[in-house]
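Inspection log for the structure reproduced underneath, given as structure tokens.
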Amino acid sequence: MAFYLGTVELPTQKKQQMVDITARVRAEVKSSGVQNGLCTVFAPHSTGAVQMDKEEQIEVGSGEERQEELQRAEARLDQG
């Protein structure tokens, strides 16, 4: 059984930011030489997250806007 461990570092420019890492993950898998198996992607930090959308193109900006809306709603509930 083959095993490969790769790391993709992801510096961000803002406090909260969504970044499409599909191309980076594909490149890492290709460079591994593994032809068949599983690929696991995870964020090893409490403030990071991985979102997957199967066969769906999303606008990265739309996710950020939705996150801001949710934060405003949560702040209103906390005040309220």
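The values are calculated or read from the model by the stated rules, or taken from the named source; none is laboratory data. In this text, all values refer to a predicted model and were calculated from it rather than measured experimentally. Here the Cβ is made from the backbone with ideal geometry for all residues, glycine too, and neighbour counts use every protein chain on show.
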* State the number of residues belonging to region 19-41 that are part of a loop (DSSP other than H, G, I, E, B) and more than 15 Å from Y4 (Cα to Cα). => 3
* Asked: List pairs: first in region 1-27 and farther than 27 Å from E65 by Cα and of a type outside the set (A, V, I, L, M), second modelled with pLDDT of 80 or more and assigned to a helix (DSSP H, G or I), Cβ under 7 Å, 6+ apart or cross-chain?
  -> Y4/S32; G6/E28; G6/S32
